[in-house]
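Note sheet for the following structure.
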Amino acid sequence: MRNFLRLLGIGVWATCFGLSLGAGCEKKRACEEECHCKQRGLCKELKGQCVAGDDSHCKRSNVCKVMGRCGEEGGHCVAVAALDCEASELCKKAGACTLRGDVCAR
């Protein structure tokens, strides 16, 4: 599972920096148009940083679909519901279907 998470993190990083085909996120734009919004739910600008402004930013991001992190807390997307964990790719591929704190785990 650790290797899966490491690869997942590398994939999100690579996509956000335009290393994936068709990512197109390398240009400077408003937070809601940047790759960080689509990948990590960081769609609101706050003091020069992109942050998650509310649950809706997280719910429509890849971090929700892949890791079950569909709720906003402290400007970041975190796991908040067991159903989100159960619906995530992390659950299907690595068995991390249980909500533990603010993450989905095995």
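If the condition is being at positive phi and more than 15 Å from the chain's Cα centre (by Cα), then the range 40-99 contributes LYS47, GLY48, GLY95. When the residues of the range 32-64 are narrowed to those that are surrounded by fewer than 14 Cβ atoms within 10 Å (Cβ to Cβ) and part of a helix (DSSP H, G or I), which ends up modelled with the highest pLDDT? Selected residue: SER56. Inside the range 65-85, residues that are in a helix (DSSP H, G or I) and either free of Cβ contacts under 8 Å to residues at least 12 places away in the same chain or among the small types (Gly, Ala, Ser) (or both) make up a count of 2. For the range 86-103, a residue qualifies if it is of a type outside the set (Ser, Thr, Tyr) and either under 26 Å from GLU32 (Cβ atoms) or in a helix (DSSP H, G or I) (or both), and the qualifying residues are GLU86, ALA87, GLU89, LEU90, CYS91, LYS92, LYS93, ALA94, ASP102, VAL103. Kindly provide the set of residues from the range 86-99 that are among the hydrophobic types (A, V, I, L, M, F, W, C) and in contact (Cβ under 8 Å) with a residue 40 or more places away in the chain, ordered by number. Scanning the range 86-99 gives LEU90, ALA94, ALA96.
The values are calculated or read from the model by the stated rules, or taken from the named source; none is laboratory data. This structure is a prediction, so every number in the text was calculated from the model and none was measured. Counting neighbours? That spans all protein chains shown, and the Cβs are built from the backbone with ideal geometry, glycine included.
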